[in-house]
Amino acid sequence: MKYLAIFILSIGLLNSCAKTTQQLALAPIDHTEIDLSQNLEAIIGLASPIQLEKGENIIDLTYYFHNSQVDSVVFDQDVEYILDAKHQRLQIQLNTRPSYLLANMTCYVDGKSYDIMIKSPRKQRAYFKLVDAGYTDVKVKGEMNSWNPGLGVMTKRDDTWSTTFDLNPGNYQYKFVVDGNELNDPNPEVRTVSNGSGGFNSLYSIKKPSKDELPWLITSSHSDSDVTFTIKNGVARVYSYVDNVKVEHSIVGDLLSISLPMWAKAQKRTTLRCVGYNTFGLTNDVEVQLEYGKVLQSAADVIRSDYEAQIMYFTLVDRFNNGDLENDDPVQDDRLKPLTNYMGGDLAGITTKIQDGYFDSLQINSIWLSPITQNPLDAYQEYVDPQYYYSGYHGYWPISSSRVDHRFGNEEDLRELVKVAHDNDINILLDYVTNHVHEEHPMYQQNPDWATDLILPNGERNLRIWDEQRLTTWFDTFMPSLDLSNPEVIAAQVDSTMYWIKHFGLDGYRHDATKHIPEAFWKELTKRLKLEVMDPQARSLYQIGETYGSREFIKSYISTGMLDAQFDFNLYFDAREVFALDDVGFEKLATSLEETFSYYGYHSTMGYISGNHDQARFTSLASGDVRFDEDQKMAGFNRAIGVIDLAGYDKMQMLFAFIMTIPGVPVIYYGDEIGMAGAGDPDSRRMMRFENLAEQEAETKAIVKALTALRRNFLPLIYGHTTILEVSEQAFVYSRQYFEDEAIVLFNKSNEVKEITVESDKIFKGNFEGQISKVGKKYLVELEPYSFEVLTTNE
C-alpha cells in the first residue's frame, strides 16, 4: 500500500514558469525546530511515492492534498518541473533517464511542509515480433497491455510483424492474435508457461539485477530515540520518513541509524519508512510501526485499525449461517436449482457466530460481507449457455442502493452486527457494487441514459468484453453498467457509498469489479471518505478492490488518493497451481512472490485469498476431482464434486501456511478453514457447515487455527521483512524478520519425506509437526509429504 505509484494524467501544457531545484529560493523547514504534532492533516494517510516515466509526467496533487493547496515545491535532486498552483498540477519532464533512482519532493502548504518520495523510471524497451505467414491482421495481448489486443496492434515490415512496449524488468505472459485466432509465439527460443487454467502462454522476460548486487536493509536494533538497520551490498543514498516527514539518518559502515522525531511521541501510531539505492537498483522497502514515537514491540499493542495486521474472513451472507428463520424468502421458481436460490443465511447468523466465539477462535479481526442491498424478487436467466436461471442470493444485482435486502435482515440487524463486531475488536467491510445495477433499479428506470450502450457501433452486444470494453461492458442483459464517466452518475454512486459508512459505522469496503470503473470515481469517493469521515471522526477506513489483470494494472488503482489495496490474484493463481499440482515447482511461486514485491512493496495490505466465490474450491482442485483444464462451473452442475484424494487437505493446509506467513492481508473464504469441497460457481458457494466435520476437515480447521494464532501474535509475520532462503522443485524456504525476532517458513510439496537444512545463530522452536534437530548452527527439519513447518525464535 505504501510504496506505490501516483497516477499520471494527460492534460495540456501548463501556464506557469519552468523551474529547477537550483532556481527555487525557498529554504526547507527544519523539522527539529517545529511542533509537527498537528502537521499531518493536509495529507490523510501515508503519501505513496510518485513513479516517474520517461517524457512528460503530469501529477495531480489533489490525489494527496484533498482540501489544501500546494504553494510551492522543492526537490533535493535536479528536477525540471512546472507547478500550476491554481489547478494543482505538477509537470515533470524527463527527456533522459536521470542519474538518481530516488528523490524527495517537499511540498509547502500554508507554511507547513510535507515530503513525498519520487521514483525514477526503470522501464526498458521490449520488442515483440512474429514472422509473417500470410497473415492479414496481427495483434499481441498479454500482461504488458492487460490482455487487450486493441492495445497491441502490430505492423508489418518486410516479412515480420512487430510492436514495442516499455516494460519494467520481470516476466510477461502473452499470446498473438492472428486473424482473430490466438497463437503462442512459434519462435523455438521463446518459453511457454502454464496459464493456471490448463493452457499455456508464451513468456517474455526482462532480466532483473542480481540479488548479490542489489542493496538490502535489515532491521537490526532500536532504542527510544533511533532505529538501526544493517545494510547489505552498500547504498549510495537512503530516504527515510516518519509518516510524511523526511527524517535524519546517518550511515557508519554497514549500519544505518535513523533518528526518531520528538513530535511522533504525541501520535498513537506513526510509520517509519525507509528505502535506499545503489548503482544496481533499489533496496527492499522497510516499514516499522511506531507507538507514541517508539518501535512497536508487542503484538498485544496491535489494534484493529492496523490494517497490516488484519486476518480477514469472507462471508457470503446467504450461505454462512441462518440466524433468523422468519426472514427466509427463497424465490418461488421451479427453474431454479437449489444452489442458485436463497438458502437462508443472514446478518443475524453472522452476529450469532461472532457471539459464540467462532471468529475469535480463528483470530479474525476483519469480516468482509458480501453485498447486502436489496436484490430482485424473481429469477433471471443468464444469457450464456446453458442459460440457467439464478436468483440474486449473492447480492450483486442491486435494485436499491440504500435498503438492506429483507432476506438478510434489516437496518437494525446491520447495526447490531457492527456493534457486536466492534465490541469484539472486529472490523466490518461491506462488499459494494458500483459498476452496475439490476434493470429494476430506480436509478436505471428513471435515468436510462445513465447506462452505457448495450449495442456497440459495430452491432456487437457489449456483454462480458472484459478487456477491450472494460469501462462499458455489461455483465448480463438485465444488468446495465453505469456510465461512470458522467459526473452525475459519479455523484449519485459516491453518495450511495457514503451512506453505508456514515449510517452504520462500517470500517471500509471491498469494491466489486474495480477495473470496470473509471479512476475519477475512486478519486472522488476516497476524497469524500477522507474529508467527511476519516479526518473529522479520526477514523481509519480500508478500501480493497477486485481487479483481474497484470500487476502493473492492478497497482494503478492503489495510491494515497485511490484504494488502499487490491486482491493479488496473480500470486493466488500461481500459488494455487504450485500447491495443487505435483509437477509444478516452487520456482514459479518464488518468482511470482518477488514480482509481487517489486510492484506492491515488501510491506502492503494487498489481499491474499485461500479462494473465493468465483473459483472452484481449492481442495477439490488439489485432490484432482476438479481439473484445471475443464469448465469448472459446469463440473458442479454435471457431477457430484468432493475430495477424492485426501492429500487435497494437506495441500490446502500448505496454501494456508503460505498466505498466513507472507506480507499482506490473509483472507479466508468461508468454508476453506475446513477444506470445503466444490467446483466453480455456484458449487463453490455451498451452505457453511459448523458441525459433524470429517476427520480431515477437523484437522484442517485445527491447523488453520494454529496458523492464525501464530500470525496474530508474532510480529515478524505481520511487520517483518521477507527473505527467500531456498527454492527448488519441491522445497521452499523463506524468513520473516522483525529486529531480533524471526520466523522461518519451510515447505515440502513432494510425496516423500524431505529433510531441509537451515543455518542460524538464533534459537528456534517448531510450531507444527516437523521433526527438528540441531547440529551446531544447523537446524535439520524433517517434513512429511505435503507439509510445512514454521520455526520461530523463542523470544
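Residue-wise test of (1) in contact with a strand residue (DSSP E or B) (Cβ under 6 Å, 6 or more places away or on another chain); (2) within 23 Å of Gly545 (Cβ to Cβ); (3) open to solvent by less than 30 Å² (accessible area, probe 1.4 Å); (4) modelled with pLDDT under 95.
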position	(1), (2), (3), (4)
Gly345	no, no, yes, no
Thr351	no, no, yes, no
Asp356	no, no, no, no
His394	no, yes, yes, no
Ile399	no, no, yes, no
Exercise. Is region 29-51 home to any residue that is among the polar types (S, T, N, Q), surrounded by 15 or more Cβ atoms within 10 Å (Cβ to Cβ) and at pLDDT 50 or above?
Worked result: yes
Exercise. Does region 235-246 include one or more residues that are over 16 Å from Asp285 (Cβ atoms), touching a residue at least 60 places away in the same chain (Cβ under 8 Å), of a type in the set (A, V, I, L, M, F, W, C) and open to solvent by less than 70 Å² (accessible area, probe 1.4 Å)?
Worked result: yes
Exercise. Which residues, counting only those in region 247-277, are open to solvent by less than 20 Å² (accessible area, probe 1.4 Å) and charged (D, E, K, R)?
Worked result: Arg273
Exercise. Hey, any hits in region 633-646 for a residue that's within 30 Å of Tyr307 (Cβ to Cβ) and not small (Gly, Ala, Ser)?
Worked result: no
Problem set entry | Scope region 297-317; condition farther than 22 Å from Ile544 by Cα and in contact with a Lys or Arg (Cβ under 8 Å, 6 or more places away or on another chain); matching residues | Ala299
Problem set entry | Elements of type strands (runs of 3 or more DSSP E) in region 67-186, at least 2 residues being over 26 Å from Ile44 (Cβ atoms) and either of a type in the set (Asp, Glu) or open to solvent by 20 Å² or more (accessible area, probe 1.4 Å) (or both) | 124-131, 138-142, 155-157, 160-167, 170-178, 181-183
For this session: Among the residues of region 455-481, write down those that are in contact (Cβ under 8 Å) with a residue 60 or more places away in the chain and either touching a Cys at 6+ places or on another chain (Cβ under 8 Å) or part of a strand (DSSP E or B) (or both).
Result: Leu463, Asp476, Met479
Exercise. If you scan region 266-309, which residues turn out to be part of a loop (DSSP other than H, G, I, E, B) and farther than 30 Å from Lys208 by Cβ?
Worked result: Gln267, Lys268, Tyr292, Gly293, Leu296, Gln297, Ser298, Val302, Ile303, Arg304, Ser305, Asp306
For this session: Any chance you could count how many residues in region 360-387 are farther than 19 Å from His613 by Cβ and not in a loop (DSSP other than H, G, I, E, B)?
Result: 3
Exercise. So which of Pro457, Pro448, Pro480 is surrounded by 16 or more Cβ atoms within 10 Å (Cβ to Cβ) and out of contact with any Lys or Arg (no Cβ under 6 Å at 6 or more places or on another chain)?
Worked result: Pro480
Exercise. Is it the case that region 362-376 has a residue that's surrounded by fewer than 19 Cβ atoms within 10 Å (Cβ to Cβ), closer than 30 Å to Leu484 by Cα and modelled with pLDDT of 95 or more?
Worked result: yes
Problem set entry | Close pairs (7 angstrom Cβ cut-off, 6 or more residues apart or separate chains): at positive phi in region 413-430, open to solvent by 40 Å² or more (accessible area, probe 1.4 Å) anywhere | Asp425/Arg304
Exercise. Taking region 514-530 on its own, how many of its residues are buried (at least 23 other Cβ atoms within 10 Å of the Cβ), touching a Phe, Trp or Tyr at 6+ places or on another chain (Cβ under 7 Å) and within 21 Å of Lys502 (Cα to Cα)?
Worked result: 1
Exercise. Among the residues of region 220-230, is any among the charged types (D, E, K, R), surrounded by fewer than 15 Cβ atoms within 10 Å (Cβ to Cβ) and touching a residue at least 40 places away in the same chain (Cβ under 8 Å)?
Worked result: yes
Exercise. If you go through region 613-639 one residue at a time, how many are assigned to a loop (DSSP other than H, G, I, E, B) and either open to solvent by less than 10 Å² (accessible area, probe 1.4 Å) or basic (Lys, Arg) (or both)?
Worked result: 6
For this session: Could you tell me whether Arg415 is under 30 Å from Asp356 (Cβ atoms), among the basic types (Lys, Arg) and either at pLDDT 95 or above or outside any helix (DSSP H, G or I) (or both)?
Result: yes
Exercise. Can you name the condition, by its number, that Thr591 falls short on among (1) part of a loop (DSSP other than H, G, I, E, B); (2) open to solvent by 30 Å² or more (accessible area, probe 1.4 Å)?
Worked result: (1)
For this session: Could you please let me know if Thr340 is modelled with pLDDT of 95 or more, open to solvent by less than 30 Å² (accessible area, probe 1.4 Å) and of a type in the set (S, T, N, Q)?
Result: yes
For this session: Might you let me know whether region 565-584 holds any residue that is part of a helix (DSSP H, G or I), open to solvent by 20 Å² or more (accessible area, probe 1.4 Å) and more than 23 Å from Ser146 (Cα to Cα)?
Result: no
Exercise. Looking only at region 200-216, which residues are open to solvent by 20 Å² or more (accessible area, probe 1.4 Å) and among the small types (Gly, Ala, Ser)?
Worked result: Ser205, Ser210
Seminar exercise, completed: In region 53-90, anything touching a residue at least 60 places away in the same chain (Cβ under 8 Å), closer than 20 Å to Leu102 by Cβ and not basic (Lys, Arg) is listed as Glu53, Tyr63, Tyr64, Glu80, Tyr81
For this session: Give the number of residues within region 754-789 that are β-branched (Val, Ile, Thr) and under 21 Å from Phe656 (Cβ atoms).
Result: 3
Problem set entry | Residue in region 705-714 that is closer than 30 Å to Gly344 by Cα and surrounded by 14 or more Cβ atoms within 10 Å (Cβ to Cβ) present | yes
Problem set entry | Restricting region 531-564 to residues that are part of a helix (DSSP H, G or I) and without any contact (Cβ under 8 Å) to a residue 60 or more places away in the chain, the residue that is surrounded by the most Cβ atoms within 10 Å (Cβ to Cβ) | Ile554
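The values are calculated or read from the model by the stated rules, or taken from the named source; none is laboratory data. Worth saying up front: this structure is predicted, and the values here are computed from it rather than measured. Reconstructed Cβ throughout: ideal geometry from the backbone, glycine too, with neighbour counts over all protein chains shown. When the accessible area is computed, the model is the full protein with side chains, heavy atoms only, and any ligands, DNA or RNA have been set aside. Shrake-Rupley method; radii C 1.70, N 1.55, O 1.52, S 1.80 Å.
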